[in-house]
1. Does Gly41 meet the test of being on the phi > 0 side of the Ramachandran plot and modelled with pLDDT under 85?
2. Somewhere in the stretch 204-212, is a residue outside any helix (DSSP H, G or I) and touching a Lys or Arg at 6+ places or on another chain (Cβ under 6 Å)?
3. Is it the case that the stretch 106-114 has a residue that's out of contact with any Asp or Glu (no Cβ under 9 Å at 6 or more places or on another chain), of a type outside the set (A, V, I, L, M, F, W, C) and not assigned by TED's automatic domain parsing to the domain that holds Phe138?
4. For the list (1) under 27 Å from Ile153 (Cα atoms); (2) at pLDDT below 85, I need the number of the one condition that Gly26 fails.
5. Confirm whether Ala196 is crowded, with 21+ Cβ neighbours inside 10 Å and in contact with a His (Cβ under 8 Å, 6 or more places away or on another chain).
6. Can you tell me which condition Asn79 does not meet? The list is (1) on the phi > 0 side of the Ramachandran plot; (2) surrounded by fewer than 22 Cβ atoms within 10 Å (Cβ to Cβ); (3) not aliphatic (A, V, I, L, M), and all the others hold.
7. Tell me which residues, restricted to the stretch 140-156, are without any contact (Cβ under 8 Å) to a residue 60 or more places away in the chain, in a helix (DSSP H, G or I) and not hydrophobic (A, V, I, L, M, F, W, C).
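The values are calculated or read from the model by the stated rules, or taken from the named source; none is laboratory data. Model, not experiment: these values are computed from the prediction. Because the Cβ atoms are built from the backbone with ideal geometry, glycine has one as well, and the counts that use them run over all protein chains shown.
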Amino acid sequence: MELINLSRTFGSLPVSHASLAACLSGHRNINDKIHRWILDGYLVALRRGLYVFSKELTGSSVNRFLVANQLYGPSYISNDSALSHYQAIPERVRTVTSVTVKASKRFSTPEGDLEYIHLTADYYRKHFLPLQTDGRFFVMIASPEKALFDKLITTSNLTLRSTKEAAAFTLDDLRIDEDFLKELRIDIMLELASSAPKKSSLKHLIKFIGSL
């Protein structure tokens, strides 16, 4: 009953060892209990000291965006993960990609691979927003404009030298729907570009999108 109540309290939200220990303060062997729950498959260890309750207990799949936000931060969901969420690209994305002001890092967890890419603080803090998940929790995610910018900025060895190359990058390489591009806000893109890397490439991208 105790395990069920805890799973209802935390749902699919990652929970720290300290939080579990506080809830189990009446027990003598707290670490043994947590370890036993892991062995029994009721609790999934994402990394040392951070867990999530299993689907069998919560009744819903683990939200990988929630895991990504909690595992390493500050960070926000971006790149292909955000573009897929906005239904801008056709591919199903397996690795959850985030942007952070901390060092770039990659984690392999039982719930999938999580990648974090470093960008500077001046650019990082602009235009990401809260996304409600599971009706209870919020995760931070890039705006559509920033998700596209982040994809360009963090793709190694990619430089756009013309609007023609910008068109090829968005329409051919990423296979982004043209209607999605038409909905992007030029004012947001200009603001982002003012503090972003790859300014020249972003200039060509903005010019192409503005021509649609």
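1. Values: on the phi > 0 side of the Ramachandran plot: yes; modelled with pLDDT under 85: no.
Answer is no for this residue.
2. Looking for residues that are outside any helix (DSSP H, G or I) and touching a Lys or Arg at 6+ places or on another chain (Cβ under 6 Å), one finds at least one in the stretch 204-212, hence yes.
3. Step one: list which residues in the stretch 106-114 are out of contact with any Asp or Glu (no Cβ under 9 Å at 6 or more places or on another chain), which gives 108-114.
Right, trim to of a type outside the set (A, V, I, L, M, F, W, C) and you get 108-113.
Remaining after also requiring not assigned by TED's automatic domain parsing to the domain that holds Phe138: none.
No, that holds for no residue.
4. (1)
5. Numbers: crowded, with 21+ Cβ neighbours inside 10 Å: yes; in contact with a His (Cβ under 8 Å, 6 or more places away or on another chain): no.
So Ala196 fails the test.
6. (2)
7. Quick first cut of the stretch 140-156, residues without any contact (Cβ under 8 Å) to a residue 60 or more places away in the chain only: 143, 145, 149, 152-153, 155-156.
After this cut, where a residue has to be in a helix (DSSP H, G or I) as well, the list is 145, 149, 152-153.
Within the stretch 140-156, just Glu145 meets the criteria.
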